[in-house]
Amino acid sequence: MPAACDSVLEDIEDIVSAEDLKPHDRQFVRKNIFPKVRKRNSQNPIQTDDDPPSDSIIPGAQKIWIRTWGCSHNNSDGEYMAGQLAAYGYKITDNSDEADLWLLNSCTVKNPAEDHFRNSIKKAQEGKKKVVLAGCVPQAQPRQDYLKGLSIIGVQQIDRVVEVVEETIKGHSVRLLGQKKDNGKRLGGARLDLPKIRKNPLIEIISINTGCLNACTYCKTKHARGDLASYPIEELVDRAKQSFQEGVCEIWLTSEDTGAYGRDIGTDLPTLLWKLVDVIPEGAMLRLGMTNPPYILEHLEEMAKILNHPRVYAFLHIPVQSASDSVLMDMKREYCVADFKQVVDFLKEKVPGITIATDIICGFPGETDEDFQETMKLVEQYRFPSLFINQFYPRPGTPAAKMHQVPAAVKKQRTKDVSQLFHSYNPYDHKVGERQRVLVTEESFDSNYYVAHNPFYEQVLVPKDPLLMGKMVEVNIYEAGKHFMKGKPVSDARVYTASITRPLAKGEVSGLTEEFRHEPQNGTHWKKDSSAGIPVKTSLRLWMALQLPWQQEGGLKILSVSLALLAVLVMFYYGGMKAGL
């Protein structure tokens with residue numbers, strides 16, 4: 001077999017030469033493969049080749065294991081990559097041991113996440129697995145030593161994952177890290193109408209934009225995702241409509257900063273949300289993702305109206321990071337603590353019961369004891385029901401990594417102190433005895449309950465009755481914990497079903513027409529023209545060349561010719577056998 005190519009390529013087409021087999025040749029002509037005359041001898045009556053020909057490795061027949069770390073945006077990217085690979089014919093497996101290739105979709109926010117990513121690469125290599133890397137780590141720093149010689153798919157190139165996987169299976173190292181542009185203007189990323197496999201068939205994650213307008217000194221994600229680039233409203237609305245037609249009952253809007261949406265294309269977040277609300281069916285819900293304080297301030301009135309809508313969760317994730325203005329200035333967060341309080345106070349007044357989630361970074365460089373105590377007072381004042389507490393980790397290449405660091409022991413103690421304060425209060429005790437409307441979407445980690453959310457996106461555990469899944473029901477709250485409530489369905493209450501369409505089965509590919517849903521998607525190639533919503537790219541090696549003859553147009557004619565050729569080959573083979581006797 002020829003030696004594998006380990007060079008880094010700018011694009012897939014760089015490895016195609018005049019001598020390479022075209023897909024049509026590989027399928028029908030099988031150039032360089034000839035019937036051999038087998039001779040008998042006393043030592044070995046039948047001669048066989050130990051190694052198959054090099055082009056016998058046919059992409060699209062292998063098993064792929066996908067692991068994703070990080071945020072909802074990253075999870076959405078992982079779902080899109082899985083969908084395209086499955087639609088092309090690869091089998092997506094949950095068993096890493098049986099997989100031929102590992103697709104590792106990374107997160108660069110914290111050191112521990114990157115450590116897990118690095119360890120997974122090492123484990124894959126020890127297990128002789130093919131590896132493709134994705135996500136923010138290789139996008140931000142593709143020249144790190146431990147990434148050398150490995151294939152990389154950039155965060156804006158996920159629509160080309162099939163090509164990268166195909167070439168990696170052949171033994172090539174390919175890197176696609178470019179930005180998508182239209183007339184010089186950066187786009188939001190890959191198309192939204194690509195096939196995908198939802199991790200939860202009832203939940204659609206839609207990335208409304210990529211990148212952000214900030215330059216936070218601690219953030220590595222900016223290096224990977226870049227500046228703000230928003231998707232057009234009509235594309236986002238179309239994606240939502242398609243999701244509801246496939247049985248989805250909950251939509252998550254995600255990005256690095258949803259509040260900044262549209263500033264690069266002449267629109268804004270409230271305009272998008274009102275368009276989406278129009279297409280949400282009764283019984284379905286929309287959850288808005290993280291927004292930084294500066295970009296929500298100017299839309300507070302409209303945002304309050306939207307968050308009061310019955311089909312929008314009264315929930316907002318607004319990271320504060322620190323309650324010290326001096327620390328926020330060092331972070332380059334572009335707001336002060338008063339701005340954060342203004343947003344929270346206004347929404348709590350105008351949207352009764354709203355859930356405000358926030359983030360805290362403990363031990364940022366230069367944080368004094370006084371700075372930290374200001375943060376403790378903020379948590380005590382608002383008693384956030386959802387609080388993400390993060391010990392500061394300096395990320396390589398960021399300005400914060402060069403600042404004077406807080407001692408590790410101090411960072412650890414401050415993280416512990418905030419955690420103890422957070423666990424000192426129970427936000428849901430006063431809700432025991434309430435009757436609440438909840439939407440059931442998933443199973444609990446311990447598999448003992450189904451997980452639902454009330455209008456404030458508070459978690460409610462309900463009995464595991466399959467009839468409840470995907471439905472909106474009323475429950476009586478009879479117990480409360482730190483992070484959840486437990487509810488018992490009300491027998492005489494109305495049950496809402498968000499969609500008349502059956503949800504896709506777990507692992508089923510979204511975005512395929514009804515015609516192709518009747519075909520097995522893991523192991524079968526897909527065909528659909530761009531007018532139907534899924535673009536057929538010539539650079540995917542033209543799926544037709546890898547299909548069986550009777551799956552193509554004019555199939556009967558091609559099948560007849562194929563059988564005739566087979567008959568000629570059989571006659572040639574037996575003629576050679578006789579000649580060798």
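The values are calculated or read from the model by the stated rules, or taken from the named source; none is laboratory data. Everything quoted here is computed from the prediction, not taken from an experiment. As a convention, Cβ positions derive from the backbone with ideal geometry for all residues, glycine included, and neighbour counts pool all protein chains shown. Note: accessible area is taken over every heavy atom of the protein model, side chains too, but ligands, DNA and RNA are not part of it. Shrake-Rupley method; radii C 1.70, N 1.55, O 1.52, S 1.80 Å.
Quick notes on this structure:
- For peptides 71-77, 362-368, 376-382, 325-331, sequence by mean Cβ density within 10 Å, most packed first: 71-77, 362-368, 325-331, 376-382
- At full extension, Q373 and K488 could sit 37.3 nm farther apart than now, given 0.36 nm per residue minus the alpha carbon distance.
- Total lysine pairs whose alpha carbons fall under 13 Å of each other in the range 63-182 (8 or more apart, or interchain): 7
- The share of accessible area on the range 430-497 that comes from carbon and sulfur is 51 percent, using a 1.4 angstrom probe.
- The trypsin sites (Lys or Arg not before Pro) of the range 104-151 that DSSP puts in a loop, and whose beta carbon has at most 15 other beta carbons within 10 Å, are K128, R143, K148.
- Principal axis extents of the Cα atoms in the range 185-427, from largest to smallest and rounded to whole angstrom, are 53, 40, 33.
- Computed about its Cα centre, the charge dipole of the range 63-182 is approximately 320 debye, with only Lys, Arg, Asp and Glu carrying charge at their Cβ.
- The charge dipole of the range 157-299, taken about its Cα centre with unit charges on the Cβ atoms of Lys, Arg (+1), Asp and Glu (-1) only, comes to about 560 debye.
- Within the range 418-478, the GluC sites (Glu not before Pro) that combine a DSSP coil assignment with at most 16 other C-beta atoms in a 10 angstrom radius are E434.
- Karplus-based coupling profile of the range 78-94, in residue order and whole Hz: x, 5, 5, 5, 4, x, 5, 5, 5, 5, 6, x, 5, 9, 7, 10, 8, with θ = phi - 60° in 6.51 cos²θ - 1.76 cosθ + 1.60 and x standing for Gly or Pro.
- The spacing between the range 73-146 and the range 445-502, judged by their C-alpha centroids, is 34 Å.
- Accessible surface, per residue, of the range 416-494 when the full set of protein chains is kept, probe 1.4 Å, Å²: 51 Å²
- Couplings 3J(HN,Hα) of the range 228-243, computed from phi: 4, 8, 9, 7, x, 4, 4, 5, 5, 5, 4, 5, 5, 4, 4, 4 Hz, in residue order, whole Hz [Karplus 6.51 cos²θ - 1.76 cosθ + 1.60, θ = phi - 60°; x for Gly and Pro].
- Applying a threshold of 28 Å to the alpha-carbon distances of K199/K416; K431/K464; K241/K305 flags K199/K416 as lying beyond it.
- You can think of it this way: the chain between E380 and D429 has 15.9 nm of extra reach, that is 0.36 nm per residue less the Cα-Cα gap.
- Counting only DSSP beta bridges with both residues in the range 185-427, the antiparallel share comes to about 10 percent.
- With the simple model of a label 7 Å out from the Cα in the direction of the Cβ, K148 to Q342 spans 5.2 nm.
- For E250, residues with placed amide H under 5 Å, excluding near neighbours: E204, M285
- Treating r as the C-beta distance of R67 and D227 and R0 as 41 Å, the FRET efficiency rounds to 0.90.
- Simple Cβ-charge dipole of the range 185-427, Lys/Arg +1 and Asp/Glu -1, about Cα centre, in debye nearest 20: 800 debye
- Whole-Hz couplings from phi, Karplus 6.51/-1.76/1.60, listed for the range 132-144; x for Gly and Pro: 10, 9, 9, x, 7, 5, x, 5, 6, 9, x, 9, 4
- Amide H contacts under 5 Å for Q391, placed H, 5+ residues apart: C362
- Per-pair calculated FRET efficiency, R0 = 22 Å: M329 and L421 via Cβ, rounded to 0.05: 0.35
- Note on the range 185-427: dipole from Cβ charges, positive end direction compared against S326, P195, F384; the farthest Cα belongs to P195.
- Placing a label point 7 Å from the Cα of R118 along the Cα-to-Cβ direction, the residues of the range 387-431 whose backbone N falls under 12 Å from that point are 396.
- Sparse-neighbour loop sites [trypsin sites (Lys or Arg not before Pro); the range 184-234; at most 15 other C-beta within 10 Å; DSSP]: none
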